[in-house]
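Written out below as structure tokens is the structure these notes cover.
The values are calculated or read from the model by the stated rules, or taken from the named source; none is laboratory data. Please read all numbers here as calculations on a predicted model, not as lab measurements. No Cβ is skipped: glycine too gets one built from the backbone with ideal geometry, and neighbour counts run over all protein chains shown. Accessible surface is based on the protein model in full, side chains and every heavy atom, while ligands, DNA and RNA are left aside. Shrake-Rupley method; radii C 1.70, N 1.55, O 1.52, S 1.80 Å.
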Amino acid sequence: MIEENFEYNRKDAFCNFCSRKKNPHPDFDEPIVVRDLKLNNKNLSICINCHHQILEQSHGKKNIFDKILSKKYNLISLLKKADIF
């Protein structure tokens, strides 16, 4: 089972996968909805949009979900080091 406990209205909300801080919907001026997770011994946050996108790609299978998260985070880290992201 994939955890889906999200936190609303967290002032310092940030998604480590899309770098969003604010709700992308133009009618809402509030922080994004996030949940905390542990990946590769790091504490990260994922927004509800990224979570559901990856959940759909993994067909709800936790092991595939975790692999996609790990690969995506590693790619983002490499792009940041190369000053591309």
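Labels on offer are [x] 13.1, 36; [y] 12.1, 35; [z] 34.4, 113, and the one holding Rg and Dmax of the Cα atoms in Å computed from this structure is [x]. Computed over protein heavy atoms with a 1.4 Å probe, the carbon and sulfur contribution to the accessible area of the chain reaches 50%.
For Asn41 and Ile76, the FRET efficiency from 1/(1 + (r/R0)^6), where r spans their Cβ atoms and R0 equals 25 Å, is about 0.90. With the biggest extent put first, the Cα atoms of region 22-63 measure 36, 24, 9 Å across the principal axes.
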